[in-house]
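Working notes for the structure below.
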Amino acid sequence: MGGACPTIGRPLPHDSAIARLYLRLGRCGAGGEEVVSTQTVKPGTQAGALPILGLLGAVLSVQVGAAFAKGLFPVLGPQGTTMLRLLIGALMLAAALRPWKVMPSLKTLPWLAAYGVTVSVMNLLFYTALERIPLGICVALEFTGPLFVATLGSRRPLDLVWVAFAVAGIVLLSPFADVSRGLDPIGVLIALAAGGCWALYIIFAQKAGAELGVRTSAYGMAIAALLALPFGFSAAWPYLTDPHVMAGAAVVGLFSSALPFWLEMMALTRMPARVYGTLTSLEPALGALTGFLFLHESLSALQCAGIAAVIAAAFGTAVTARAPVSSPG
């Protein structure tokens, strides 16, 4: 589920590709609830070492959470793991953000509901894909969703170059590019579908976040957890009193939700959007590294090239994004 988000508490510039690319409320890395600070970063702000380390720690935390989640699949399956991860994440965010202090209006409710539905489906799809294909590939394929949203409607030739890089990455990561590795085609399609959900919920998060700010994430996670109950409850029920399984689920919730949430909140008030986008473009690489270290997942040269192409697309989109147009006054 891949790991990170632009400002949700104030209106986003319509021409800000970096904002549309990294708007990820409610989902940390393959998944979670990365929330961007509502504070405005002053023009010319330089990112110091601490914010950079905080953001890299947040992105890495998301990947570690996904690796721990995959370790629960033999017991809970992807559906049971998703349910517990969303439920624990929702409880953590509710305790931290106290969303009941700002109730959604009737106008915002449909967007909030759509946001919660998309968060739930996206996480279910990501974990289902993760059961079938390596973590690094899963993260890279899901990453293509917001990449295409970031360049959607653009008429700049340079943006088409980044789209071409993303498409090349998808081709290189397809089961047909390296038949010797036997990559599961169903897993690839499911990961791409998760990316499609991610692209959709960028829109819903913008709409709901305009009124609710960072509390959008808490509401969305609660809705997502409720929707995941029918899919994961039967798998998780026998293990709800098992301390080892529940401890593992708590670790997934911590690394996928609470820890990256606070690390990003610390980093994003002190970091320009361009630096933020550049650093988070490393997420597929960190996913591959985490998969190798924690899950012993090795990738072929072609698969590494595919991940590199997706990273290049994300990096290029972040670095060449047009600066937001300042509002009059």
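Listed here are the residues, each with its yes/no results for (1) within 30 Å of Leu183 (Cα to Cα); (2) of a type in the set (Lys, Arg); (3) crowded, with 20+ Cβ neighbours inside 10 Å.
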| residue | (1), (2), (3) |
| --- | --- |
| Gly65 | yes, no, yes |
| Pro74 | yes, no, no |
| Thr81 | yes, no, yes |
| Ala90 | no, no, yes |
| Pro110 | no, no, no |
| Gly116 | no, no, yes |
| Ser120 | yes, no, yes |
| Glu142 | yes, no, yes |
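Let me confirm something: among Leu86, Leu55, Leu50, Leu93, which residue is at pLDDT 90 or above and assigned to a helix (DSSP H, G or I)? Matching residue, one of Leu86, Leu55, Leu50, Leu93: Leu86. Against the list (1) within 16 Å of Gly77 (Cα to Cα); (2) of a type in the set (Gly, Ala, Ser); (3) buried (at least 24 other Cβ atoms within 10 Å of the Cβ), the condition Ala208 fails is (1). Here is a check on your reading of the model: is Arg270 at pLDDT below 85 and not in a loop (DSSP other than H, G, I, E, B)? In short, no.
Yes/no per residue for (1) crowded, with 18+ Cβ neighbours inside 10 Å; (2) touching an Asp or Glu at 6+ places or on another chain (Cβ under 9 Å); (3) outside any helix (DSSP H, G or I):
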position: Pro175; (1), (2), (3): no, yes, yes
position: Val188; (1), (2), (3): yes, no, no
position: Ser217; (1), (2), (3): yes, yes, no
position: Ile223; (1), (2), (3): yes, no, no
position: Leu226; (1), (2), (3): no, no, no
position: Ala249; (1), (2), (3): yes, no, no
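Pairs meeting the criteria (first residue in region 79-92 and closer than 12 Å to Asn123 by Cβ, second residue assigned to a helix (DSSP H, G or I) and β-branched (Val, Ile, Thr), beta carbons under 6 Å, at least 6 apart or on different chains) are Arg85/Val252. How many residues does region 177-186 contain that are at pLDDT 90 or above and either among the basic types (Lys, Arg) or not in a helix (DSSP H, G or I) (or both)? Selection size over region 177-186: 1.
Within region 147-161, is even one residue modelled with pLDDT of 90 or more, closer than 30 Å to Gly71 by Cβ and surrounded by 19 or more Cβ atoms within 10 Å (Cβ to Cβ)? If you could, list the steps in order and put the result at the bottom.
First pass over region 147-161, keeping only residues modelled with pLDDT of 90 or more: none.
For region 147-161, residues modelled with pLDDT of 90 or more, closer than 30 Å to Gly71 by Cβ and surrounded by 19 or more Cβ atoms within 10 Å (Cβ to Cβ): absent.
Total residues in region 293-329 satisfying the condition of being modelled with pLDDT under 85, buried (at least 17 other Cβ atoms within 10 Å of the Cβ) and in a helix (DSSP H, G or I): the figure is 2. Report yes if Ala129 is among the aliphatic types (A, V, I, L, M) and modelled with pLDDT under 95, otherwise no. Answer is no for this residue.
The values are calculated or read from the model by the stated rules, or taken from the named source; none is laboratory data. This one's a predicted model, so the numbers in the text were calculated from it and none came from an experiment. Note that we place each Cβ from the backbone using ideal geometry, even for glycine, and neighbour counts take in every protein chain shown.
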